[in-house]
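Take a look at the structure set out below.
The values are calculated or read from the model by the stated rules, or taken from the named source; none is laboratory data. Note that this is a predicted model, so its numbers are computed, not measured. Quick reminder, even Gly has a Cβ in these numbers, built from the backbone with ideal geometry, and neighbours come from all protein chains shown. Ligands, DNA and RNA are stripped out before the accessible areas are found, and what is left, the full protein with its side chains, is counted by its heavy atoms. Shrake-Rupley method; radii C 1.70, N 1.55, O 1.52, S 1.80 Å.
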Amino acid sequence: MAALDTFPNLPQPGEISICERNGRICTLPINEVDASSSCNQLAGYPEINIGRELFHHAAVHLRENHRTLMVPVNETLIKRITRTFFEEGAVEALNEAANIDSHQYNPIVGSLSRYLLTLIGVGNRVKFFFKPHLKEQGVHCVGKYTQTKDWSKSAIRCIRWHSNCFKVAIAASDDSIRVYSDEPTIVPVLKSGLQKSVTSLAWRPLTAGELAVGCQNGTLVWNVDPNSLITRPLSQAIQLRYGNHFPVTSVEWSPNGCLLATASINDSDVLIWDVDQNRQVPLRRVGPPCALLKWCPTGSRLCSTTVSNVFRVWQTDKWTPDRWTVNHGTIQSVVWSRTGSHLLFVTTDDCFLYSLGFVEDEVFTSTMMPKSALPIADLSKISIGEAEVGGHPQALAWCPQNQYLAVTFKETPAIAIFNTVLHRCQLNITPLCFITGIGIESASCISFQENPGRRSSDKMKTVLTIGWSSGRIQYFPFV
């Protein structure tokens, strides 16, 4: 089993890793690093720093109490209860009526309100006993199920490369999405009143500019004209919303671009959308809500995780699921191999990387072998000098050629890179290097470029795009 203690040492203090070349890591002094131009193969890549581009960016978004912004006025008890009901809901209205500190407190109304609050509390305890996942709902818990480290505080919320052309979408903390391409002078900015708390992005394959966005209000689909010379698209996004299927925490297009799968932590069903017809079909299941989706590159399987220890692998020909469970915690991140023969995943409660093999619709190659995932790497936290690396994993990214696997961590800032070799049903994994940021930067989110296109060198295998906590984007090529 691979482990972090067999990795090469971290870059020396004052240095930063800029690329991997023939199995060796190239470094430069920090004061000589100049964005993407630090490596010759990246001369055509756009220089991006979201932290500088945000007009009103702050490390933490504080929600001020609206009452502190109002001039105090004398209201009758009925008016105050009515206003609270329409602004904050029935429970807060009952709390207002039951507040004995109010100078207009009414004993009869207060007693009745406390009685109703007690009944609601008993009902909630019964509901949470049978469905404990309902304790956490709404946007405040979205960050727990996203692939971005410190999602609520991060300047960069999500990074997604287009699979067919040189185009990358980056979601920022101000709910805007910037689209960078091989035309550096034109950077479309996608923004809408419906686009709040962006969690995931997905480019539609075989199209030039159709982008699906998972957010608080469901799913939005933008159509970015690649020939447009303006930075703000004239057309608005199409909203896809169904029942209580929001906020959406994961969006994934099928490899042929015909279907869009969405998951919400408020809904146990996965929705399969025919976007062109604006129709959806739910994959109905009883149990905890779904959190994360990942479509197999061949299109034959769809992995859906939940907010509990259950995850499913759907056979997309007949939409039948195989149900799996993990011993502890929930699935944190998953990635598929390009042939669909292996599913790699990490969980929230341990520090191991697991592999689940699929060969001809059967797990592993022999029916005599146990149908279970195998741990293939120990990611436990270790100390290298004065620095700590590893720990509980945050996200996985596997390059399209399945040669490099990147892992980010929740408690430590460095990224671990593994070499992977996939031969039929065998997977070999070996440690390669650590990637660190500048100063106290930590990796917020990562994404491998799916199609290097004409901007890349013939010698470049793939490029890992890193969104650091400072808002800086780094390209790390493997040459």
Share of carbon and sulfur in the accessible heavy-atom surface of the chain [1.4 Å probe, %]: 53 percent
Relative contact order, percent, the stretch 190-275 [alpha-carbon distance under 8 Å, six or more residues apart]: 25 percent
Dipole of the chain, positive direction: furthest Cα of Thr298, Ile415, Ala155, with charges on the beta-carbon: Thr298
Ranking by accessible area, most exposed first, for Arg178, Arg24 with a 1.4 Å probe: Arg24, Arg178
Residue order for Arg232, Arg125, Arg472, Arg424 - accessible surface, 1.4 angstrom probe, largest first: Arg424, Arg125, Arg232, Arg472
Spatially proximal aspartates and glutamates relative to Lys459 (Cα-Cα < 12 Å; intrachain offsets below 8 disregarded): Glu20
Label point distance in nm, Gln426-Asn95, each placed 7 Å from Cα along Cα→Cβ: 6.1 nm
Links that overshoot a 30 Å alpha carbon limit, given the list Lys149/Lys196; Lys191/Lys461; Lys144/Lys167; Lys196/Lys371; Lys196/Lys318; Lys149/Lys191: Lys191/Lys461; Lys196/Lys371; Lys196/Lys318
Value of [θ]222 nm, deg cm²/dmol, for the chain, DSSP H segments ≥ 4, -39500 (n - 2.57) each, nearest 500: -3000 deg cm²/dmol
Helical segments meeting 15 Å axial Cα length and Kyte-Doolittle 0.5 threshold in the chain (DSSP H): 107-130
Lys153, Lys294, reordered so the largest accessible area comes first (probe 1.4 Å): Lys153, Lys294
Inter-site label distance for Leu206 and Asn74 at 7 Å from Cα along Cβ, in nm: 7.1 nm
Relative contact order computed over the chain (Cα-Cα under 8 Å; 6+ residues apart), in percent: 15 percent
Cα-derived Rg to Rh of the stretch 86-127, Kirkwood definition: 1.02
Mean separation of Cα contacts under 8 Å, 6 or more apart, over the residue count of the stretch 111-261: relative contact order %: 16 percent
Accessible-area value, Glu15, 1.4 Å probe, nucleic acids and ligands omitted, Å²: 60 Å²
Gyration tensor (alpha-carbon) shape descriptor, the stretch 244-329, a/c threshold 1.5: oblate
Accessible area per residue in Å² at 1.4 Å probe, computed on the chain: 49 Å²
When the convex hull of its Cα atoms is projected in every direction, mean area for the stretch 200-348 (nm²): 9.4 nm²
